[in-house]
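Take a look at the structure set out below.
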Amino acid sequence: MLSVSNLEVCYGNIHAVKKVSFELNQGELLAVIGANGAGKSTILKAISGLLPKKAGIVKFQNECITNYPAHKIAGRGLVQIPEGRRVFPQMTVDENLDLGAYSRKSLNNEKKEEIFEKFPILRMRSKQLASTLSGGEQQMLAMGRALMSCPKILMMDEPSMGLAPLLVQQIFSMIQQLKGQGVTILLVEQNAEMALEIADRAYVLELGSIVATGSGRELRESSTIRKAYLGLS
């Protein structure tokens, strides 16, 4: 569904992403892991059209979207859940969800009902301001808002960031459920152990370059990856 070829991104003189190439297949959960500052989030922002690319080609369902603006990419069904959740704090949960469907011709109340079934706490909080939610609830809202647009690919940027361990488990369980329902997912995550546990395939990013690839299981069992990224011997 998604093909990225020789992607390069720079911040001024800093070469943040260097000739990164990968493919994402329908129904797959692909993880990109690596240390903070490795360039993981930069890759997502470049694919989404939020950052300019120095070089490279991005294709979505065989359509070249390399130079498309962000709103056009989202309208194609390639939807990103940003790092830090970025919910609209002075809007209610309901209003945040409604905004998630902005690219649709009309608001789909059946889709909202599906979201409430996936995240029952959002139904309970539907009239509350998003700013009053806990970090975990805001992450659920960010996921629900993205799902309101009926994405073909869901790109998730550090969904576990800033959450307590119990909430991290819950969020990853929900991600796994979405995959089980056929949602295609590109997951960028610093929590390598959790990401590899649920990923079909994964890439390891280091200083803007891919240094390892394999199935989630293969990378979890690699002694090099275990020492460098999982803190295990």
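Per-structure values
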item	result
Subset of the range 78-92 that is within 10 Å of ARG145 (Cβ to Cβ) and outside any loop (DSSP other than H, G, I, E, B) - its residue that is farthest from the chain's Cα centre (by Cα)	VAL79
Set GLY39, GLY75, GLY27, GLY49: member being surrounded by fewer than 18 Cβ atoms within 10 Å (Cβ to Cβ), within 15 Å of the chain's Cα centre (by Cα) and touching a residue at least 24 places away in the same chain (Cβ under 8 Å)	GLY27
Members of the range 128-165 that are among the β-branched types (Val, Ile, Thr) and either at pLDDT below 90 or touching a Phe, Trp or Tyr at 6+ places or on another chain (Cβ under 8 Å) (or both)	ILE153
Qualifying helices (runs of 4 or more DSSP H) (wholly inside the range 108-162; at least 3 residues being in contact (Cβ under 8 Å) with a residue 40 or more places away in the chain, touching a helix residue (DSSP H, G or I) at 6+ places or on another chain (Cβ under 7 Å) and within 14 Å of ASP98 (Cβ to Cβ))	135-147
Of the criteria (1) in contact with a Pro (Cβ under 9 Å, 6 or more places away or on another chain); (2) closer than 20 Å to LYS18 by Cβ, which one ALA212 fails	(1)
Subset of the range 78-103 that is more than 28 Å from ASN36 (Cα to Cα) and among the β-branched types (Val, Ile, Thr) - its residue that is surrounded by the fewest Cβ atoms within 10 Å (Cβ to Cβ)	THR92
Subset tally (residues that are in a loop (DSSP other than H, G, I, E, B) and under 27 Å from VAL79 (Cβ atoms)) for the range 186-211	5
Criterion violated by MET124 - all others in (1) hydrophobic (A, V, I, L, M, F, W, C); (2) crowded, with 16+ Cβ neighbours inside 10 Å; (3) more than 20 Å from the chain's Cα centre (by Cα) satisfied	(2)
Count of the range 193-211 residues which are of a type in the set (D, E, K, R) and free of Cβ contacts under 8 Å to residues at least 60 places away in the same chain	2
Which listed residue, of GLY182, GLY214, is touching a residue at least 40 places away in the same chain (Cβ under 8 Å) and either in a loop (DSSP other than H, G, I, E, B) or not hydrophobic (A, V, I, L, M, F, W, C) (or both)	GLY182
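The values are calculated or read from the model by the stated rules, or taken from the named source; none is laboratory data. Given the structure is predicted, the values throughout are model-derived calculations rather than measurements. Cβ coordinates were reconstructed from backbone atoms using ideal geometry, including for glycine residues, and neighbour counts include every protein chain displayed.
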